[in-house]
Amino acid sequence: MGKKDGGSRNLGRLVFWEAWALAGIIHMLLVAPAESRMALYFLYNAAAFLVLYPIVYLYKWIPMPGVLRMILIPLDVCFHTVLLLSTFLWLGYGAFVFWPSFFPFLVSNGIVLCVFWALLYMTWARYGLGTSRAFMALGPFGILTFWVALGGALGFFGGRWIVEHAGGHIGSDSVKLLVWVLLVLMGMSGAALMAPKKTKED
């Protein structure tokens, strides 16, 4: 009975994020600038997420023979990597629409920011998506998110102090902003690593 209960909760998580992805696609079609090539890329990414996310999700929770799961490991790693990049592009779409002044910075520093996002994805975001090996219920994930928020706040205020007091030694304004954002991401990832995690193994 416990296994079945876990499966029902996981199905709810899947439906939730699929609904958000579908809502994002509708938002792109109605709000995003139609003449923008970047908006088209974001639309392709959203469609890919809508298809790929259930595959990764169900792969994690459907019981499989050990040999078959080992054979599928390379495909699993590939799908997880694509899903990680897709979530980063979703963040990019948020900046593109709601914070357009920040978007050029995101594009010019995309590779570095994506690396640090990967750390945060592995320590926090994948638990929210339900694509980690061990399932994390909403309560423990909420506690983990609280820790992540604290780490982000520490990185934010620490980064602001560094920029204000040592900004002359860091470089241009864009470099200062990059350092500041990376400190926020590092604070969030570090807090996620240190936070107690209560998960349920498959």
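Can you tell which of PHE141, PHE156 is in a helix (DSSP H, G or I) and at pLDDT 95 or above?
PHE156
Of a type in the set (Val, Ile, Thr) and either more than 17 Å from the chain's Cα centre (by Cα) or surrounded by fewer than 14 Cβ atoms within 10 Å (Cβ to Cβ) (or both), is that true of VAL67?
It is true that VAL67 is of a type in the set (Val, Ile, Thr) and either more than 17 Å from the chain's Cα centre (by Cα) or surrounded by fewer than 14 Cβ atoms within 10 Å (Cβ to Cβ) (or both).
What are the pairs, 6+ residues apart or on separate chains, where a residue within segment 33-51 that is under 18 Å from CYS78 (Cα atoms) has its Cβ under 7 Å from a residue that is small (Gly, Ala, Ser)?
Short answer, once both residue conditions are applied: ASN45/SER86; ALA46/ALA21; ALA46/GLY24; ALA48/SER86; PHE49/ALA21; PHE49/SER86; LEU50/ALA21.
Might you check whether a residue that is among the charged types (D, E, K, R), closer than 23 Å to VAL82 by Cα and exposed (fewer than 14 other Cβ atoms within 10 Å of the Cβ) occurs anywhere in segment 158-176? Give the steps one after another, and end with the answer.
Filtering segment 158-176 down to residues among the charged types (D, E, K, R) leaves 160, 164, 173, 176.
Of the ones still in play, those that are also closer than 23 Å to VAL82 by Cα are none.
No, segment 158-176 contains no residue that is among the charged types (D, E, K, R), closer than 23 Å to VAL82 by Cα and exposed (fewer than 14 other Cβ atoms within 10 Å of the Cβ).
Quick grid of which residues meet (1) of a type outside the set (Val, Ile, Thr); (2) at pLDDT 90 or above:
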| residue | (1), (2) |
| --- | --- |
| VAL163 | no, no |
| ILE170 | no, no |
| ASP173 | yes, no |
| LEU178 | yes, yes |
| LEU183 | yes, yes |
| MET194 | yes, yes |
| LYS198 | yes, no |
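State which residue is nearest to MET194 (Cα to Cα) when the search covers only segment 93-106 and only residues that are surrounded by fewer than 20 Cβ atoms within 10 Å (Cβ to Cβ) and in contact (Cβ under 8 Å) with a residue 12 or more places away in the chain.
Filtering segment 93-106 for residues surrounded by fewer than 20 Cβ atoms within 10 Å (Cβ to Cβ) gives 94-95, 97-106.
In the following step, the residues that additionally are in contact (Cβ under 8 Å) with a residue 12 or more places away in the chain were identified as 97, 105-106.
On the way: VAL97: 33, PHE105: 30, LEU106: 28 Å.
It comes out as LEU106.
Scan segment 26-64 for residues that are more than 17 Å from the chain's Cα centre (by Cα), farther than 20 Å from TRP99 by Cβ and surrounded by 15 or more Cβ atoms within 10 Å (Cβ to Cβ) and jot them down.
Hits for segment 26-64 are TYR59, LYS60, TRP61.
Here's the yes/no breakdown for (1) over 30 Å from ARG69 (Cα atoms); (2) small (Gly, Ala, Ser); (3) part of a loop (DSSP other than H, G, I, E, B):
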{"position": "GLY94", "(1), (2), (3)": "yes, yes, no"}
{"position": "LEU106", "(1), (2), (3)": "yes, no, no"}
{"position": "ARG126", "(1), (2), (3)": "no, no, no"}
{"position": "VAL163", "(1), (2), (3)": "yes, no, no"}
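LEU75 is checked against (1) part of a helix (DSSP H, G or I); (2) touching a residue at least 12 places away in the same chain (Cβ under 8 Å) and fails just one. What number does that condition carry?
Status for LEU75: all satisfied but (2).
Can you name the residue in segment 1-45 that is modelled with pLDDT under 80, in contact with a helix residue (DSSP H, G or I) (Cβ under 9 Å, 6 or more places away or on another chain) and assigned to a helix (DSSP H, G or I) and, of all such residues, is nearest to SER86 (Cα to Cα)?
For segment 1-45, the residue satisfying everything is ASN10.
The values are calculated or read from the model by the stated rules, or taken from the named source; none is laboratory data. Every value quoted in this text rests on a predicted model; they were computed, and no experiment measured them. Every residue, glycine among them, receives a Cβ derived from its backbone with ideal geometry; neighbour counts consider all protein chains shown.
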